[in-house]
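Just below is one structure, and these are the notes that go with it.
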Amino acid sequence: MKKFLKYFAALVIVLFVGYHSVYFKKLNEVQANTPSGKINTTAYTRTFWDKKLLPSLNKAISLDQLIGMLHTDPENTFKKYSNALGIGELKYFMVKAEGSVKQVGDNDLTVTLATDNKTVKIETEYVYGNAVRDASGLINRNEFDNTSDFNEISAGINKIIREEVLPDFKRTVKTGDHITFTGAIEMNKKFLNLSDIEITPIQLKILK
Amino acid sequence: MKRIYAFFLLLSLLTLASCSNKNAAGEPKKIAVIVSTLNNPWFVVLAETAAAKARSLGYEAKIFDSQNNTALEADHFENAISSGFNAILFNPTDADGSIANVSKAKAAGVPVFCMDREVNSTKAATSQILSDSYSGCIAIGKYFVKKLNKKGKYVEILGLVGDNNTWARSKGFHSVADHYPGLKMVAQQSADFDRNKAMEVLESILQANPDIDAVFCGNDAMAMGAYQALFAAGKANHVQVFGFDGADDALQSIKEGKIKATGMQYPKIMAETAALYAQEYFKGKRDFPQKIPVAVELVTAENIKNYISN
């Protein structure tokens, strides 16, 4: 009898340990709960846009002032006001200005700046690339292990501009309107071209 | 007190020794330059520039050609580690297959600085200095859509299917072109970055699609091959060709109006930066950016004068 009790107790212990050692779950439940290690780029981009980029726009340099400084002292102006996340001659500036709409084109807006009659173009169609992400100077490349995640931040920012910033503005703007804008520009430091400036817009406002 | 002075003196001497260009035996430190292939002039420039920069900084440098073979690349790493090379400037053959080699060097205490091509790891190499192919191809994509006025049929010729740069370029291009429903890709095929293969591939595609408006190629060699195929078919004046690299013959072709655009890469900047990073490593720096992009510039008929002298 004692032997039977001993074996019975051993069996109970084995069953108890075995039951608690193995469990079954549906594969899709496991996959859904497994962290991928990938940054949620959509959420990151939205937070970046709302909490970092928009509050920082008051620091943008006046476009007239920037053009003047690039004419007189390009080296120091690039050093002081441009941002770039990599190596090379392409640098980015965050700029703001006021002007009147000279022409509303299919792909862009030609604007005459209020202070020195210079014309610049605001992109309204081909909003792609890294100008806004890199001009902001607010993103640390080393936060991203993965190059494609990092590129998705630019794609996300551009999507916000195309879908939220531009549609209303494009519907209402017309030649002769007085506008203010803030945006990003890309400049090649080695082959500086101040006669063909294109702005990727972040904020646009019609003053009439 | 004397012991403290002696300790600090020894410490200073050790620090100085670690900062010098010489190893423990008093010989110059050695840098291995391991490249995927020397069968392509672009990689020859990359390798020779890296070696020349290393030598100009006072180091010994030796170039190893992996001949696009990861097994041979592994042998070169074994050789470099066992022969006492102090750093490796590396152009990987395979983004996944080369990780093991880089990790082996890391385990042996030899820093590895990747040039142009990346390995799919952020833990193995000391730093990776990479051409920003994705962003360069966004710029080409924008120009492509403008030149085609948002509509037309086109062909994409891809590089090596297993190479990260192939897909970075393709994805950058498509991140723009795919927004325009009027643009229709009628064929997408690989030509392994090879001029002759690209010519054959396009010849074959043209038989089924004689009415294309443009060809986007993952490098300039393929763009030149595509142009040859179009020229032979009498379509060179109607079909717009776009490349990537900034090769001399492609620049000349842009000037002559044969090719529409390319992305100018800077192998020399990448190679020299890698050599300078190795020097900084020897001097004690350890906090290198894991992946640092090198800007790619759009070259077109409008700005070709900046990139070509005659």
Notebook entry, point to check: Where only protein heavy atoms count, and the probe is 1.4 Å, what is the accessible area per residue for chain A in Å²?
Noted result: 58
Checklist line | Spacing of the two label points (7 Å from each Cα toward its C-beta) at A:Y7 and A:F191, in nm | finding: 9.0
Margin query: Given R₀ = 41 Å, what would the calculated FRET efficiency be for B:K235 paired with A:N117, taking r from the Cβ atoms and rounding to 0.05?
Written below: 0.35
Item checked: Two-site FRET efficiency, A:K159 against B:T37, from Cβ-Cβ distance with R₀ of 41 Å, rounded to 0.05 -> 0.60
Notebook entry, point to check: Counting only Cα, what are the radius of gyration and maximum Cα-Cα distance Dmax of region A:81-208, in Å?
Noted result: 15.1, 47
Next item on the list: For the pairs A:K91/B:K171; B:K29/B:K106; A:K189/B:K29, note any where the Cα-Cα span goes beyond 26 Å.
Entry: A:K189/B:K29
Item checked: Calculated from backbone phi, Karplus (6.51, -1.76, 1.60) coupling profile of region B:209-219 in Hz, x at Gly/Pro -> 10, x, 10, 6, 10, 7, 9, 9, 10, x, 7
Notebook entry, point to check: Cα-Cα over 29 Å: which of B:K142/B:K197; A:K52/A:K170; B:K53/B:K142; A:K96/B:K142; B:K62/B:K285?
Noted result: B:K53/B:K142
Checklist line | Per-residue HN-Hα couplings for region B:182-188 [Karplus 6.51, -1.76, 1.60; θ = phi - 60°; Hz; x = Gly/Pro] | finding: x, 9, 10, 7, 8, 7, 9
Check: In nm, to one decimal, how far is the B:N120 label point from the A:Q103 one, both placed 7 Å along Cα→Cβ?
Finding: 4.8
Next item on the list: Find how much the distance from B:K305 to B:E27 grows on full extension, using 0.36 nm per residue of separation minus their present alpha carbon separation; answer in nm with one decimal.
Entry: 95.5 nm
Next item on the list: For the protein assembly as shown, compute Rh as the Kirkwood radius over C-alpha pairs and then the Stokes-Einstein diffusion coefficient at 20 °C and 1.002 mPa s; write the answer in µm²/s, rounded to an integer.
Entry: 82
Item checked: Three principal axis lengths of region A:38-118 [C-alpha, angstrom, descending] -> 47, 34, 24
Next item on the list: At a probe radius of 1.4 Å, figure out the B/A buried accessible area, summed over both chains, and give it in Å² to the nearest 100.
Entry: 2100
Item checked: Pairwise label distance in nanometres, A:K208 with A:L15, each label 7 Å out on the Cα-Cβ vector -> 8.5
Next item on the list: Run the numbers on region A:74-109: which residues show a drop of 40 Å² or more in accessible area, chain on its own versus all protein chains together, using a 1.4 Å probe over heavy atoms?
Entry: A:I87, A:L90
Check: How far, in nm, would the chain grow between B:R55 and B:D248 when pulled straight, counting 0.36 nm per residue and subtracting the alpha carbon separation?
Finding: 66.8 nm
Check: Got a sec? Charge dipole of the protein assembly as shown, +1 on Cβ for Lys and Arg, -1 for Asp and Glu; which of B:G109, B:A223, A:N117 is way out at the positive end?
Finding: B:G109
Note to self: Suppose the chain between B:K62 and B:K184 were pulled fully straight at 0.36 nm per residue; how much longer would it get relative to their current alpha carbon spacing?
What the structure shows: 39.1 nm
Note to self: Suppose we flag GluC sites (Glu not before Pro) only when DSSP calls them loop and at most 13 other Cβ atoms lie within 10 Å. Which is the longest uninterrupted stretch of chain B?
What the structure shows: B:1-255
Margin query: How large is the translational diffusion coefficient of chain B in µm² per second when you combine the Kirkwood radius over alpha carbon pairs with Stokes-Einstein at 37 °C and 0.692 mPa s?
Written below: 157
Check: For A:S148 and A:E198, what does the FRET efficiency come to when R0 = 22 Å and r is the distance between their Cβ atoms, rounded to the nearest 0.05?
Finding: 0.25
Checklist line | Cut-off under 5 Å, modelled amide H: who pairs with B:N68 long-range | finding: B:T37
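The values are calculated or read from the model by the stated rules, or taken from the named source; none is laboratory data. Quick caveat, the model's predicted, so the values are computed rather than measured. So basically every Cβ, Gly included, is an ideal-geometry build from the backbone, and we count neighbours across all protein chains shown. Note: areas computed on protein heavy atoms with side chains; ligands, DNA, RNA excluded. Shrake-Rupley method; radii C 1.70, N 1.55, O 1.52, S 1.80 Å.
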